[in-house]
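S.K.: Handing you this structure, nothing more for now.
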Amino acid sequence: MQKGGWVYLLTNKGHSAIYTGVTADLVGRMLQHQQKIYPLSFTARYNINILVYFRFFEDISEAIEEEKRIKAGSRAAKRKLISPPNPNWTDLWIDIVSKW
């Protein structure tokens, strides 16, 4: 039995970079990004830690497929994914933390 997974998009303060990721534990993974657990990673080097989009999938394999689809897309396609639900590119991490 597989458990679900999250697809998420992060950006930096100037929105000059967008990172697409997948995880089974969104809170734990976000803490890793926030704390720069992997200092040589792309997200750590470019200060990419603002959560602007996330979506849950019941099956982790579906989340992985969605991550691949998003990564294969253009920057414009990623912006179109983010902007309707989050037009100001607000940091959604604040919403998640406030619910804990």
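S.K.: Go through segment 1-15 and count every residue that is closer than 24 Å to R75 by Cβ and either at pLDDT below 95 or not hydroxyl-bearing (S, T, Y) (or both).
M.R.: 9
S.K.: Kindly indicate the residue of segment 73-87 that is part of a helix (DSSP H, G or I) and among the small types (G, A, S) and also surrounded by the fewest Cβ atoms within 10 Å (Cβ to Cβ) among those meeting that condition.
M.R.: Filtering segment 73-87 for residues that are part of a helix (DSSP H, G or I) and among the small types (G, A, S), the one surrounded by the fewest Cβ atoms within 10 Å (Cβ to Cβ) comes out as A76.
S.K.: Return the only residue of V97, V52 being open to solvent by less than 80 Å² (accessible area, probe 1.4 Å) and outside any helix (DSSP H, G or I).
M.R.: V52
S.K.: Against the definition (surrounded by 12 or more Cβ atoms within 10 Å (Cβ to Cβ) and part of a strand (DSSP E or B)), how does T90 come out, yes or no?
M.R.: no
S.K.: A follow-up question, please. Would you check which residues across segment 32-49 are surrounded by 13 or more Cβ atoms within 10 Å (Cβ to Cβ), outside any loop (DSSP other than H, G, I, E, B) and either of a type in the set (A, V, I, L, M, F, W, C) or without any contact (Cβ under 8 Å) to a residue 12 or more places away in the chain (or both) and list them?
M.R.: The answer is Q32, A44.
S.K.: Still on this structure: What number goes with the only condition from (1) closer than 13 Å to L10 by Cβ; (2) in contact (Cβ under 8 Å) with a residue 24 or more places away in the chain; (3) aliphatic (A, V, I, L, M) that A63 does not pass?
M.R.: Only one criterion is unmet by A63, namely (1).
The values are calculated or read from the model by the stated rules, or taken from the named source; none is laboratory data. Keep in mind that what you see is a predicted model, and the values were worked out from it rather than measured. Ideal geometry is used to build each Cβ from the backbone, glycine not excepted, and the neighbour counts take in all protein chains shown. We work out accessible area using only protein heavy atoms, side chains counted, and drop any ligands, DNA or RNA first. Shrake-Rupley method; radii C 1.70, N 1.55, O 1.52, S 1.80 Å.
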